[in-house]
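Asks: Before I ask anything, let me first share the structure, which is written out below as structure tokens.
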Amino acid sequence: MKQVIVTGASSGIGKAITQTFSEKGWAVTMIARSADKLKELEAQWPNCRALPCDLSDAKAIYNLKDQVATMPVDALINNAGIFQPQAIDDDEDSVWENQLQTNLMGAVRLTRLCWHSLKRQNGCVLNISSTLGVRPIANTAAYSASKAAMNNWTQSLAIEGAQHGVRANALCPGIIDTPIHSYVDSTKIEDQEIYRQVQKAQPLGRTGKPMDIASMAFHFCQPEAQWMTGALLNIDGGILLNS
């Protein structure tokens, strides 16, 4: 049974990825902050193991060493992230620190812990980035910078990992219907026009669903994708074409 570690597994894209890999017969180690949510998923899907951890906390990640460093990790999916929109003249160091620690450094630290196992397994790293890491918009400076750094780091991993048979790629989702975008609520009258504009901006006519990302994530971890490394794939309904 192949083994995958999925971060941010308790909701949104991470939850969809966990479900997909579990249904395909993989053993899934789920990492997220909410122990209660992970326990619910552990009971719901076979082959899933809960491993609560706050990935913004370096010490908490390093405390996972004994639990993940000896695992036969075939795939590591760094999905955990937070989004705090803020104007340049209003943001503070904490806005940057929170997003850089969770979105970038959490992935960096966990990948370090798994690196030797990934080399043993000829495994792969898949980072869930964002189209904002390719082309930022207003009020997203810290988030966009964290994802741009993740994209560059992904390609550094690909270069260094190639000699060990380790692949590294990144998916760059556009606007996905997940809690991270809950600041736009289509059920509220005051947000309905914003929601319509967001939908209209998509050339394919809709925002993405978590399973749109999960299905591609599974493909990237399959033998059929074994010659793909260092790729940054936009999955955005074509919205970057309108930018």
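Asks: Can you find, within the range 196-221, the residue that is most open to solvent (accessible area, probe 1.4 Å) among those that are among the aliphatic types (A, V, I, L, M) and either in a helix (DSSP H, G or I) or in contact with a helix residue (DSSP H, G or I) (Cβ under 8 Å, 6 or more places away or on another chain) (or both)? Show your work before the answer.
Replies: First, pick out the residues of the range 196-221 that are among the aliphatic types (A, V, I, L, M): 198, 201, 204, 211, 213-214, 216-217.
Remaining after also requiring either in a helix (DSSP H, G or I) or in contact with a helix residue (DSSP H, G or I) (Cβ under 8 Å, 6 or more places away or on another chain) (or both): 198, 201, 211, 213-214, 216-217.
Values: VAL198: 35, ALA201: 36, MET211: 81, ILE213: 0, ALA214: 0, MET216: 64, ALA217: 0 Å².
Among those residues, the one meeting the criterion is MET211.
Asks: Restricting to the range 41-58, name every residue that is open to solvent by 30 Å² or more (accessible area, probe 1.4 Å), of a type outside the set (Lys, Arg) and not in a helix (DSSP H, G or I).
Replies: Passing the criteria: PRO46, ASN47, PRO52, ASP54, SER56, ASP57.
Asks: Restricting attention to the range 83-127, and to residues there that are modelled with pLDDT under 95 and among the β-branched types (Val, Ile, Thr), which single residue is surrounded by the fewest Cβ atoms within 10 Å (Cβ to Cβ)?
Replies: By that ranking, first place goes to ILE88.
Asks: Within the range 1-40, how many residues turn out to be within 18 Å of the chain's Cα centre (by Cα), surrounded by fewer than 21 Cβ atoms within 10 Å (Cβ to Cβ), over 21 Å from CYS124 (Cβ atoms) and free of Cβ contacts under 8 Å to residues at least 40 places away in the same chain?
Replies: 3
Asks: Let me ask another. Condition check: open to solvent by less than 60 Å² (accessible area, probe 1.4 Å), at pLDDT below 95 and in contact with a Cys (Cβ under 7 Å, 6 or more places away or on another chain). Does VAL73 satisfy that? It would help to see each step written out before you state the result.
Replies: Values: open to solvent by less than 60 Å² (accessible area, probe 1.4 Å): yes; at pLDDT below 95: no; in contact with a Cys (Cβ under 7 Å, 6 or more places away or on another chain): yes.
Answer is no for this residue.
Asks: Select, from SER146, SER156, SER117, the only residue that is assigned to a helix (DSSP H, G or I), of a type in the set (S, T, N, Q) and more than 18 Å from the chain's Cα centre (by Cα). Steps first, please.
Replies: Values: SER146 fails: more than 18 Å from the chain's Cα centre (by Cα); SER156 fails: more than 18 Å from the chain's Cα centre (by Cα).
Being assigned to a helix (DSSP H, G or I), of a type in the set (S, T, N, Q) and more than 18 Å from the chain's Cα centre (by Cα) holds for just one of SER146, SER156, SER117, which is SER117.
The values are calculated or read from the model by the stated rules, or taken from the named source; none is laboratory data. This structure is a prediction, so every number in the text was calculated from the model and none was measured. Because the Cβ atoms are built from the backbone with ideal geometry, glycine has one as well, and the counts that use them run over all protein chains shown. Note: areas computed on protein heavy atoms with side chains; ligands, DNA, RNA excluded. Shrake-Rupley method; radii C 1.70, N 1.55, O 1.52, S 1.80 Å.
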